There are 2 protein chains.
Amino acid sequence: MTELTRRTVLTAAAAGAAAALSPAGSQSARAAIPLQGKQNSGWYRYKVGDYEVTVVTDGAATFPLPDKFVVNASKDDVAAELARQHLDPTKLTVPFTPIVINTGSKLVLIDTGYGEAAGAKPGATTGQVTANLKAAGIDPKDIDIVIISHFHGDHVNGLLNPDNKLAFANAEVMVPSVEWKFWMDDGEMSRAPEGRMQGLFKSNRAIFDALNRKVTQYEWNKEVIPGLTAVGTPGHTPGHTSYVLSSGNGKIFIQSDVTNVPFLFVNNPGWHAGYDQDGAMAETTRRKTYDMIVAEKLPVQGFHYPFPGLGHLEKAGDGYRLVPAPWNPVI
Amino acid sequence: MTELTRRTVLTAAAAGAAAALSPAGSQSARAAIPLQGKQNSGWYRYKVGDYEVTVVTDGAATFPLPDKFVVNASKDDVAAELARQHLDPTKLTVPFTPIVINTGSKLVLIDTGYGEAAGAKPGATTGQVTANLKAAGIDPKDIDIVIISHFHGDHVNGLLNPDNKLAFANAEVMVPSVEWKFWMDDGEMSRAPEGRMQGLFKSNRAIFDALNRKVTQYEWNKEVIPGLTAVGTPGHTPGHTSYVLSSGNGKIFIQSDVTNVPFLFVNNPGWHAGYDQDGAMAETTRRKTYDMIVAEKLPVQGFHYPFPGLGHLEKAGDGYRLVPAPWNPVI
């Protein structure tokens, strides 16, 4: 029997079009079918007890690896880690992954993505949430509650549609009280550094002013809706919130941005993302949260995990490893 | 700031419906939206150089963990490994994942899944290929070539539609010459053990007789179509075939059944699946193939890997680890 060796495989592959091809039959006259260049819609569904979770991706942003995406590691070290993770070391792809929870009585969206206005820009690779909701059979008008984990653009911008109105016309908007207090505090705003932080204060106020600041504040360590408990995971922002979703025998941890992309920060929990407002506190939160998740063997849903964003965590060396859950084709 | 501890998280989650809920506004009168219970269609697309690969799942079969799914390991050891892999240790889910390659001039399907007849059975969780092809915008009539890796039901049964005709009406069917020779040899058939092996001989002959045995045989270490080189990976069956797909700067290894489900056999390459006709030879092939893939850092597409079935392999302990490729929402 023919031996498989690296040499034979690679030689054969390199032989290219010179190799003899099978004789084509009558089908040789058939017209070529054009490449489609279109991806499947980005939604995925699973059960947590009696609840139904629908993951809806907002898309992903790909950009050249910045010099300081990780503020306490060199660009070379980050590039080397990307290569170790079988990824292109010259660029970074960050996915954005809101979820919808149907409790049987309420349809609840956690975080919004960048929203339709972003998606309408030419060449946009984000802003897909509305399209993916619709592909999943969910009308944005049917969303009863939007729960916000924290006030960064990829989590709140989609609250507004391109007309600057609430994109989920019938929804109550719920925000962490700690987060609300920070961003709506004029003293905090006046003390914030110029640049990104001032910009965030302004954009957050523009969004919530457009909603006449009509929000419901929720507290940590209490249920936001039945079965969904808010867990304070500060550091990324002062009021950054994760959740435990529990129904029947099902339980998952919804981590929001406890880590950004797993292929950098799950493996290296000591790395601080430039987006972390307080990198040291974010790291403390991350290690404490992940140790709890590993000990409890909880499935984790991650906003910046690759779609569909559900997996398990393991201890690995000084950090952790994300093991994506197998795709279930039959729910 | 509120402390995250296991106690507070779990206590809070256990508090259940007793916790105070936000006051519901006018939306409290809105009707509940029913759970949908429907999964996204199972297709996913990526580029390999100038070629477009569309993964189309045939679904997955879930069954109680058999006593001898792994012939050289105890059921307890297999159950323990499932638990280590964050899976239910009492049952097994095996996915089936054909792919379509559009070369720009030919539309080529590799393996068929169980096919429409299987999918039409009540409660079927396999036989989804035709539906997923259509969801991906691919008409089965447009398939120019069907390439078969080996003659097991999950790879060949879908050649026939429920009327016992070629399910891909305009396709040339290409089979490995070693595999064809074995299953069509009357001496081999007469010497095959009763039970599963006799059944396989009969069902393979029924399928290819329905096609008047009109197939094109292809050889190992040669291109089957331009850019797709057949690699002999025997053991699972005598003529079991994998492929290197190469176009421009893109190259992937299509492993067929070099392993069955990765969460058992990638981690434990010394385990022999009951489906392996020659377990020892399959293991030798597996280790040699995986060492080559690791050394060459080739992406791997696996028929029994969870959808969408693309990943990278790493050495891990005495075995290997599969790192699934991140889902790309924008191709």
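The values are calculated or read from the model by the stated rules, or taken from the named source; none is laboratory data. Every value quoted in this text rests on a predicted model; they were computed, and no experiment measured them. Counting neighbours? That spans all protein chains shown, and the Cβs are built from the backbone with ideal geometry, glycine included.
Within the stretch B:196-215, is there a residue that is at pLDDT 95 or above, in a strand (DSSP E or B) and within 11 Å of chain A (Cβ to nearest Cβ)?
Taking the stretch B:196-215 as the starting set, the residues that turn out to be at pLDDT 95 or above are B:197-215.
Next, from what is left, pick out any that are in a strand (DSSP E or B): none.
Checked against the condition, which is being at pLDDT 95 or above, in a strand (DSSP E or B) and within 11 Å of chain A (Cβ to nearest Cβ), the stretch B:196-215 yields no hits at all.
Among the residues of the stretch B:305-329, how many are at the interface with another protein chain (Cβ under 10 Å from one of its Cβ atoms) and assigned to a loop (DSSP other than H, G, I, E, B)?
The number of residues fulfilling the criteria is 10.
Given the conditions (1) at the interface with chain A (Cβ under 9 Å from one of its Cβ atoms); (2) touching a residue at least 60 places away in the same chain (Cβ under 8 Å), which single one is not true for B:GLY250?
(1)
Specify the residue that is nearest to the chain's Cα centre (by Cα); the eligible residues are those in the stretch B:74-122 that are crowded, with 19+ Cβ neighbours inside 10 Å and charged (D, E, K, R).
Only one residue tops the list, namely B:ASP111.
Those residues that are closer than 30 Å to A:ARG191 by Cβ and in a strand (DSSP E or B), I need them from the stretch A:247-304; list them, please.
Of everything in the stretch A:247-304, those that are closer than 30 Å to A:ARG191 by Cβ and in a strand (DSSP E or B) turn out to be A:GLN255, A:SER256, A:ALA273.
What is the one condition in (1) in contact (Cβ under 8 Å) with a residue 40 or more places away in the chain; (2) surrounded by fewer than 23 Cβ atoms within 10 Å (Cβ to Cβ); (3) not in a helix (DSSP H, G or I) that B:ALA230 does not satisfy?
The one condition B:ALA230 does not meet is (2).
Specify the residue that is nearest to B:TRP327 (Cα to Cα); the eligible residues are those in the stretch A:277-291 that are at the interface with chain B (Cβ under 10 Å from one of its Cβ atoms) and in contact (Cβ under 8 Å) with a residue 12 or more places away in the chain. Working first, answer last.
First, pick out the residues of the stretch A:277-291 that are at the interface with chain B (Cβ under 10 Å from one of its Cβ atoms): A:281, A:284-285, A:288-289, A:291.
Now restrict to residues that are in contact (Cβ under 8 Å) with a residue 12 or more places away in the chain: A:281, A:284-285, A:289.
Details: A:MET281: 30, A:THR284: 29, A:THR285: 27, A:THR289: 25 Å.
Looking at the filtered set, the residue picked out is A:THR289.
Take A:ALA31 and tell me if it is touching a Gly at 6+ places or on another chain (Cβ under 9 Å) and modelled with pLDDT under 95.
Values: touching a Gly at 6+ places or on another chain (Cβ under 9 Å): no; modelled with pLDDT under 95: yes.
Here the answer is no, as A:ALA31 does not meet what is asked.
So which residues in the stretch B:220-238 are within 21 Å of the chain's Cα centre (by Cα) and either hydrophobic (A, V, I, L, M, F, W, C) or facing another protein chain (nearest Cβ under 9 Å) (or both)? If you could, list the steps in order and put the result at the bottom.
Just the residues of the stretch B:220-238 that are within 21 Å of the chain's Cα centre (by Cα), to begin with: B:224, B:228-238.
B:VAL224, B:LEU228, B:THR229, B:ALA230, B:VAL231, B:GLY232, B:THR233, B:PRO234, B:PRO238 - these are the residues of the stretch B:220-238 that are within 21 Å of the chain's Cα centre (by Cα) and either hydrophobic (A, V, I, L, M, F, W, C) or facing another protein chain (nearest Cβ under 9 Å) (or both).
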